[in-house]
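J.: Below you will find the structure I want to go over with you.
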Amino acid sequence: MLQYCMNIKRVKQQLSLLALSMFRKDFFGIYHGSISAKLESNVFVINTRDTIFDSFDEKDMIELYFRKDYRWKDASIDADIHHHIYKQITEAKFITFTMPPFTTAYSLHADVIIPKDYFGYKELGKIEIHDSKNFKGWYERAATEIPYYFLSHDTDIMVIRGYGIYAYNRDLSQLAKRLAILEKSCRLLLLNSSVSELDLDY
């Protein structure tokens, strides 16, 4: 029991550090976004519904069992989506929902992300952009649509047009790394597009 409590504390500390870093890089809004970790086969920890990400710490996380109980009402509105991903994808140990500005902006006018920088090309390759078609009723559909997308596309990153990114990984540092590389690649793509539109013929 002591070892279990120590593991939970360590995981919460890791999530707190990453969440603060993501907030400072504008991946999370003050109230928008979610981050979680699977603790056991039927338990995960996730940020609470009222989490303020610019002061995020361990008290802003809540443990949830797969069998829903009273605690779920205090959890992030994304908790059901995280729950379904954990249930269907055994490789998922950590999950984030983020809204990095350059990736989200790029998704508004593109159908696919093809990085032109070395690290993006090497680490990510081509990433399709998912169009939810209609944001109305999205949260009712998302809990089934997102895990299905991950499985059917054999990917751990889902970019949703005008909404943000769902991603999972077995390793928290790898999850953060892949999201950072994707955001940098989209920033470079947008900068390259802006430069291409300039008349630089002196």
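J.: List the aspartates and glutamates whose Cα lies under 16 Å from the Cα of K133, skipping any in the same chain that are fewer than 8 positions away.
T.: Here the aspartates and glutamates satisfying the reach criterion relative to K133 are D111, E145.
J.: Using the 2.2 N^0.38 Å rule of thumb for compact globular proteins, work out how the chain stacks up: its C-alpha Rg over that value, please.
T.: Details: Rg = 17.5 Å, N = 202, 2.2 N^0.38 = 16.5 Å.
In units of the 2.2 N^0.38 Å rule of thumb, it is 1.06.
J.: Any chance you could give the angle, 0 to 90 degrees and rounded to 10, that helix 79-88 forms with the longest Cα principal axis of the chain?
T.: 90
J.: Calculate for the chain the 222 nm mean residue ellipticity that helices alone would give, adding -39,500 (n - 2.57) per DSSP H run of length 4 or more and normalising by residue count, nearest 500 deg cm²/dmol.
T.: Calculated from helices alone, the mean residue ellipticity at 222 nm is -14000 deg cm²/dmol.
J.: At D26 and E128, where each label point lies 7 Å from the Cα along Cα→Cβ, what is the point-to-point distance in nanometres?
T.: 2.9
J.: Continuing with the same structure: Want the number for D74 to Q88: 0.36 nm per residue separation, take away the alpha-carbon distance, what's left?
T.: Gain in length upon complete extension: 2.7 nm.
J.: Any of K126/K177; K87/K126; K93/K122 with alpha carbons more than 20 Å apart? Name them for me.
T.: Values: K126/K177 17 Å; K87/K126 27 Å; K93/K122 24 Å.
Exceeds cut-off: K87/K126; K93/K122.
J.: Can you give the local net charge around E91? Use residues other than it whose beta-carbon is closer than 10 angstrom to its beta-carbon, Lys and Arg +1, Asp and Glu -1.
T.: Details: positive: K93, R170; negative: D156.
Net of charged neighbours comes to +1.
J.: Let me ask something additional. Could I have the simple spin-label model distance between K177 and E58, label points 7 Å from Cα toward Cβ, reported in nm to one decimal?
T.: Placing both labels 7 Å beyond Cα along the Cβ direction yields 2.7 nm.
J.: While we're here: Expressed as cubic angstrom per residue, what is the convex hull volume of the alpha carbon set of segment 54-142?
T.: Cα-based convex hull of segment 54-142, divided per residue, equals 167 Å³.
Values in this text are rule-based calculations from the coordinates and carry no lab data. As the structure is a computational prediction, the values presented were derived from the model and not from experiment. Cβ: placed from backbone, ideal geometry, glycine included. Neighbour counts: every protein chain shown.
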